[in-house]
Amino acid sequence: MENLAEILSGARQKAEQAEVFSGSSRSTTVQFEANELKQVQTREKTSVSLRIFREGRIGFAAASGGNGCEALVNMAVETSRFGGPANFQFPSSLEYSEVRTYDADVEKIPLERLVETGRQLIGKIKAHTPDILCDVHITRGTSSVSLVNSQSGEESYHKSFFSLELEGILVRGTDILFVGDNQSSCRAADDITDLASKVTWQLEMARKKAAVSTKPLPVVFTPLGVASALLSPLVLAFNGKAVLEGSSPLRDKLGQQIFDRRLSVWDDATIAYGVGSYPFDDEGVPGQRLPLVTDGLVTNFLYDLQTAALAGTHSTGNGQRPGGGFPSPGVSSLILGAGNMPFAAMVKDMKEGLIVEGVMGAEQGNLLAGDFSGNVLLGYKVENGEVMGRVKDTMIAGNVFQVLKELPGIGQEARWVGGILRTPPLYCSAVSVTAKAG
Amino acid sequence: MVTTFFTFATVKAYNEGMRDAIADALKGRGADYIEVHFEEGEATNIAYRGKRLEEISRGRSSGGNVRALVRGSWGFVSFNNLDGLRGKVDLALQEAKLAGREPFKLSPVKSVVDTVAPQLEKSATTVPLATKKELLDRYDDVMLSIPRIQSTRINYRDSMRRTIFANSEGSYIEQTRTDLAMRLTAVAREGNEVQQASLSMGSNGEFSAVEGLDGQARELAERAAALLSAPQVKGAEYTVILDPVLAGVFAHEAFGHLSESDFVYQNENLKQIMVLGKRFGGKHLDIVDDPTVPNLRGSYKYDDEGTAPEGIYLIREGILEGRLHSRETATRMGEKATGNARAINYAFPPIVRMSNTFIESGNTSLEDMLADIEEGVYVKDWYGGTTSLEMFTFSAGEARMIRNGRLAELLRPVVLTGNVFTTLQNIDAIGNDLDMNQGGGCGKGGQYPLPVSDGSPHIRIRHCVVGGR
């Protein structure tokens, strides 16, 4: 914090307003490759960034490692000659409620225990499928964020995180099957039972192969499938920047019913021990629970300070700086509300259909328009309500606004994916499916 | 707390003692190998969204890492703060000793002491910020002047890294590496329809590579506008012709990643699929990975393990001939290190990566390839691509129907997918017009974007699944 104050006072000599942001983290990852412990990595990172308003324009510079206060100020001044107009204020009184993001137990987990957890996880998967090769990453770490600005704002918070990731590969002849899942939290949640059972379920479903027809089919996106295929175009449409420039299909749809009446979506920075949670965003604006879709109605978009000022509205506390860079609107934790249809009932309901867990290349289509398309990396064919086996050489394509307009069902069983998305399975009525003949 | 941050000047002062320090750090520790990377870098980012300059920023970064090998298992520590290098070596050793596998030796490479700097005519790092902005302003104006273009995106980044590599075998290499990447995107809109078209360019830091692209900026904006009224392709199997850019992406995504030995070496089944000497395509098919081609984005003299690459054939005359190695994977597979261990920066350990990957020229002209296609799809330009070893997916920036041997109507962007083994066999014609694409950046194991280039002549593929709605 002393260093930040020094940079701030250096910057104030040359600028009307200034803001100094600092992030640091230290994490250790235990990596298993092909069932064996292969590497242990410890990564320490610190970065400082300076944003100034000088002669009414924004300047920005970032540094990691020590490059001196003066160099940072000079780079920010240089860029301010060309920067955008300074049309907002840095927040002055930073008042927010406490959000739990730190669990002291995480740091205390010994390396040996991480190794043991990895061995047990792999053991469970191998007990089901002996010839599978698993890559497992187990990470524990802590981070902290500090922020000071010339409007006398000054605050910091600490975070801990713990994650388990597994990817299994099974090769038979030239047939390659990928399975995998992950779990993460700010808490030391190293129980492997749930993760192991999810992966063995995938192995069960993919045991046999099956072929689907080339035509529009009903598709159940599991929570992993939602994350893989639908999440990116959906989040993009709620980004204040896309709304401001008019490229979001939702730009003029505030208050209108665009989605299924039973669908509600919100961003929530205040969830206790959520990996994406924070008391304030990376610009010092309090984090909140922000409804984006309420009973199918579009209710809010995501804003940072600058985008909000340009749009004539307020920051929603979604200013984020991936890697310490320039702030931009982003989600904290995105939550899709659970519905009332059990997953088993969705499967039972399909005469011919697909369960999609993972799509490769889904983000290559026209995301701006809400399109998704890609190769089904992991998905299962359903026939007369029964899972027949894994599909291969199969593509799906659709538009997220079309498929979510009317859903035959929203799942009961919501779960976290990757620590920043919580969603139930979504049962969609007609998604274009193309399968390779023969 | 007194913190001495690491700067390049202090590293210079360190240089004299560094090799001694590493030799010292090794003594009596039971480590088989230790290497140290230090790095100081700077970068400029400029981003536009429509008329609005969204970001103009500069950054500096310095840091390093220590990597230690003990009985076949690695410990790795990265940092921004140079204080207590010995303690970091200790931690890396402690990490490496957790596994305790079999005794293991890295594939031998010659120890080198060298200094390498790029030869540039107009280095982007030295070009004034005002000049960069002026150029991008112009491209933005050109794109926005086209009817129905509602917005644009421009992302520009140039960077320079000065790196020091030293290892316990006596190598000591200083390299300066520069890179430049730019992407122009035009977004067209009419009613509820939104379409976009992009151009990705890059170079080894040479600024002139991104100058004078006004014509191409105009062309891509016109294409985005034209896509608004273009039809979707009907999803089906087609004969497709790939332009050099997209065929290069195909070489990289569909085959190149399979040649990265870290995917293969621990997997007996995959090893059997990727047996050297096995036929993967017709006699006309040659695929190369070569970091020694001068002045491309994937070019370098030493990789991040200090190995000097020579460039290899992955496929020669349709037969699998070689694969990409780090020193570790080379030992594990009983082959030679190829100099393909690369890291995007000091925060990551080197892993097996491609460099400049391309399909060599054949002898068929584009006209001849088109001539006997009754109905097919011509796909052009890179939009993205990804792979899961056996299956690949890549998307084209532009597509046209081929009807009766001629290019016909413009189509909405398409996604191609397939199985790499059958698709390579299905390449039935290779053009005579090799061209390299410098606009990509490769991601693997959380390390993105790594500067690479890829290339190809036009190629024709039979029975390719083209996705649409």
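Derivation of every value follows stated rules applied to the coordinates shown; laboratory data play no part. Everything numeric here is computed off the predicted structure, so don't read it as measured data. Here the Cβ is made from the backbone with ideal geometry for all residues, glycine too, and neighbour counts use every protein chain on show.
Which of the GluC sites (Glu not before Pro) found in region B:113-184 are in a DSSP loop and have at most 15 neighbouring Cβ atoms, other than their own, within 10 Å? Display every interim value, and only then the final one.
Working: sites: B:Glu121, B:Glu134, B:Glu169, B:Glu174; in loops: B:Glu121, B:Glu169.
Taking region B:113-184 and a limit of 15 other Cβ atoms within 10 Å, the loop GluC sites (Glu not before Pro) found are B:Glu121.
Looking at chain A as a GNM with Cα springs under 10 Å, which of A:Thr423, A:Thr28, A:Thr42 has the largest mean-square fluctuation?
Of A:Thr423, A:Thr28, A:Thr42, the Gaussian network model singles out A:Thr42 as fluctuating most.
Tell me the Kirkwood radius of region B:325-377: reciprocal of the mean inverse pair distance over distinct alpha-carbon atoms, in Å.
Working: mean 1/r = 0.0675 Å⁻¹.
The Cα-based Kirkwood calculation yields 14.8 Å.
Using a Förster radius of 56 Å, what is the FRET efficiency between A:Glu154 and B:Glu374 based on their Cβ-Cβ separation? Nearest 0.05, please.
On the way: r = 71 Å, r/R0 = 1.27.
Efficiency, from the Cβ-Cβ distance: 0.20.
Work out from phi, with θ = phi - 60° and the Karplus expression 6.51 cos²θ - 1.76 cosθ + 1.60, the ³J(HN,Hα) of each residue of region A:366-372, listed in order in whole Hz, and give x for Gly and Pro.
7, 4, 4, 7, x, 6, 9
Apply the Karplus curve 6.51 cos²θ - 1.76 cosθ + 1.60, θ = phi - 60°, to the phi angles in region A:110-116 and return the couplings in whole Hz, x for Gly and Pro.
Per residue, the Karplus-derived 3J(HN,Hα) values read x, 3, 4, 6, 4, 4, 5 Hz.
Please give the length that would be gained between B:Leu407 and B:Asn295 if that part of the chain were fully extended, namely 0.36 nm times their separation in residues minus their C-alpha to C-alpha distance (nm, one decimal).
Gain in length upon complete extension: 36.9 nm.
Once R0 is set to 35 Å, what does the formula 1/(1 + (r/R0)^6) return for the Cβ-Cβ distance between A:Lys208 and A:Arg113, expressed as a FRET efficiency to the nearest 0.05? It would help to have the intermediate numbers written out before the result.
Details: r = 38 Å, r/R0 = 1.08.
Using R0 = 35 Å, I get an efficiency of 0.40.
Relative contact order for region B:376-465: what is it in percent, counting Cα pairs under 8 Å that are at least 6 residues apart? Don't jump to the answer; show the numbers that get you there.
Details: 163 pairs, mean separation 20.3, N = 90.
That works out to 23 percent.
Using the crude model of +1 on Lys and Arg Cβ and -1 on Asp and Glu Cβ, and no other charge, please compute the dipole size for chain A relative to its Cα centre, in debye to 20. Show your work: numbers first, answer last.
Details: 41 positive and 49 negative charges, 199 e Å.
Here chain A has a charge dipole of around 960 debye.
Using the basic label-point model (7 angstrom from Cα toward the beta carbon), what is the A:Asp252 to A:Arg12 distance in nanometres?
4.7 nm
Give the relative contact order (percent, whole number) for chain A; include only Cα pairs under 8 Å separated by 6+ residues. Each step should come with its number before you reach the end.
Working: 1134 pairs, mean separation 69.6, N = 438.
Computed over chain A, the figure is 16 percent.
For the protein assembly as shown, what does the alpha-carbon gyration tensor say about shape, rounded, prolate or oblate, given a ≥ b ≥ c as the root eigenvalues, a/c under 1.5 as rounded, and a/b over b/c as prolate? All intermediate terms of the calculation are to be shown ahead of the outcome.
Values: a/c = 1.21, a/b = 1.08, b/c = 1.11.
Verdict is rounded for the protein assembly as shown.
In this model, which of A:Lys436/B:Lys234; B:Lys122/B:Lys380; A:Lys124/A:Lys198; B:Lys132/B:Lys444 are farther than 23 Å apart at the alpha-carbon? Intermediate results must be reported in sequence, preceding the final value.
Values: A:Lys436/B:Lys234 14 Å; B:Lys122/B:Lys380 30 Å; A:Lys124/A:Lys198 11 Å; B:Lys132/B:Lys444 30 Å.
Correct reply: B:Lys122/B:Lys380; B:Lys132/B:Lys444.
Output wanted: per-residue J couplings in Hz (rounded whole) for region B:255-268, from phi through Karplus 6.51 cos²θ - 1.76 cosθ + 1.60, θ = phi - 60°, x for Gly and Pro.
Couplings: 10, x, 5, 5, 7, 7, 5, 5, 6, 9, 5, 9, 10, 4 Hz.
In terms of the Cα gyration tensor, with a ≥ b ≥ c the square roots of its eigenvalues, is chain A rounded because a/c is under 1.5, prolate because a/b exceeds b/c, or oblate?
Oblate, since a/c reaches 1.5 and b/c is not below a/b.
Report, in degrees rounded to the nearest 10, the 0 to 90 angle that the Cα long axis of helix B:214-227 makes with the longest principal axis of chain B.
60 degrees
Which value at 222 nm does chain B reach when only helices count, each DSSP H run of 4 or more adding -39,500 (n - 2.57), with the total divided by all residues and rounded to the nearest 500 deg cm²/dmol? Kindly include the intermediate steps, with their values, before the conclusion.
Numbers: 10 runs with 98 residues, N = 469.
Roughly -6000 deg cm²/dmol at 222 nm, from the helical runs in chain B.
Residue separation times 0.36 nm, minus the C-alpha to C-alpha distance between B:Gln232 and B:Glu268: what's the value? Provide the component values of the computation, followed by the final result.
Numbers: separation 36, 0.36 × 36 = 12.96 nm, distance 4.23 nm.
Stretched fully, the B:Gln232-B:Glu268 segment lengthens by 8.7 nm.
Once you keep just the Cα pairs under 8 angstrom separated by 6 or more residues, what percentage relative contact order results for chain B?
Details: 1215 pairs, mean separation 72.1, N = 469.
RCO, chain B: 15 percent.
Under 13 Å from the Cβ of B:Val275, count the other residues' Cβ atoms, weight Lys and Arg +1, Asp and Glu -1, and hand me the total. Write down the numbers at each step before the final one.
Values: positive: B:Lys271, B:Lys278, B:Arg279, B:Arg323; negative: B:Glu268, B:Glu321, B:Glu335.
Surrounding charge for B:Val275 is +1.
Based on other C-beta atoms within 10 Å, arrange A:Asp194, B:Asp289 from fewest to most.
On the way: A:Asp194 13, B:Asp289 30.
Least to most surrounded, the residues fall as A:Asp194, B:Asp289.
Using 20 Å as the cut-off for backbone N distance, which residues of region B:39-65 belong to the label zone defined by a point 7 Å from the Cα of B:Thr131 along Cα→Cβ?
What the label zone holds, given the 20 Å backbone N cut-off, is B:42-47, B:56-59.
Near A:Thr270, within a Cβ-to-Cβ distance under 11 Å, what is the net charge of the other residues, with Lys and Arg +1 and Asp and Glu -1?
Numbers: positive: A:Arg100, A:Arg289; negative: A:Glu98, A:Asp267, A:Asp268.
Combined, the nearby Lys, Arg, Asp and Glu give -1.
Identify the GluC sites (Glu not before Pro) of region B:262-318 meeting these criteria: DSSP loop state and at most 11 other C-beta atoms within 10 Å of the C-beta. Could the numbers behind the result be given before it?
Values: sites: B:Glu268, B:Glu305, B:Glu310, B:Glu317; in loops: B:Glu305, B:Glu310, B:Glu317.
Here the sparse-neighbourhood loop sites are B:Glu310.
Tell me, B:Leu324, A:Leu263 in order of fewest to most beta-carbon neighbours within 10 Å? Mind dumping the intermediate values first?
Numbers: B:Leu324 30, A:Leu263 21.
Lowest count first: A:Leu263, B:Leu324.
Name the residue, out of A:Tyr427, A:Tyr278, A:Tyr96, whose mean-square fluctuation peaks in a Gaussian network model built on chain A with Cα pairs under 10 Å.
Answer for the Gaussian network model of chain A: A:Tyr96.
Between region A:239-281 and region A:321-376, how many Å separate their Cα centres?
Taking the Cα centre of region A:321-376 as reference, the centre of region A:239-281 is 14 Å away.
Separation between the B:Glu169 and B:Gln94 pseudo-spin-labels, each 7 Å from Cα along Cα→Cβ, expressed in nm?
Distance between the two pseudo-spin positions: 2.9 nm.
Are there any GluC sites (Glu not before Pro) in region A:142-221 that are in a DSSP loop and have at most 10 other Cβ atoms within 10 Å? List them by number.
Working: sites: A:Glu154, A:Glu155, A:Glu165, A:Glu167, A:Glu204; in loops: none.
Listed in order of number, the matching sites amount to none.
Answer rounded, prolate or oblate for region A:248-308, using the Cα gyration tensor with square roots of eigenvalues a ≥ b ≥ c: rounded when a/c is under 1.5, else prolate when a/b is larger than b/c, else oblate.
Verdict is oblate for region A:248-308.
When DSSP assigns beta bridges and you keep just the ones with both residues in region A:291-438, what percent turn out antiparallel, to the nearest 5? Numbers along the way, then the final one.
Numbers: 30 of 33 bridges.
About 90 percent, rounded to the nearest 5.
For B:Ala117 and B:His463, FRET efficiency with R0 = 56 Å and r from the beta-carbon atoms, rounded to 0.05?
Numbers: r = 48 Å, r/R0 = 0.86.
E(calc), rounded to 0.05, equals 0.70.
Within the set of other residues whose C-beta is less than 12 Å from the C-beta of A:Leu147, count the net charge using Lys and Arg as +1 and Asp and Glu as -1.
Numbers: positive: A:Arg51, A:Arg321; negative: A:Glu19, A:Glu154, A:Glu155, A:Asp281, A:Asp282, A:Glu283.
Around A:Leu147, the charge tally is -4.
Working out 0.36 nm times the residue gap between A:Glu167 and A:Ala430, then minus their Cα-Cα distance, what length gain in nm do you get to one decimal?
Values: separation 263, 0.36 × 263 = 94.68 nm, distance 2.99 nm.
Stretched fully, the A:Glu167-A:Ala430 segment lengthens by 91.7 nm.
May I ask you to sort B:Arg177, A:Arg140, B:Arg138 by Cβ crowding, counting other Cβ atoms within 10 Å and putting the fewest first? Mind dumping the intermediate values first?
Working: B:Arg177 20, A:Arg140 23, B:Arg138 13.
Least to most surrounded, the residues fall as B:Arg138, B:Arg177, A:Arg140.
In nm, give the distance between the simple-model label positions of B:Glu367 and A:Glu70, each being 7 Å from the Cα along the Cα-to-Cβ direction.
About 6.7 nm, to one decimal.
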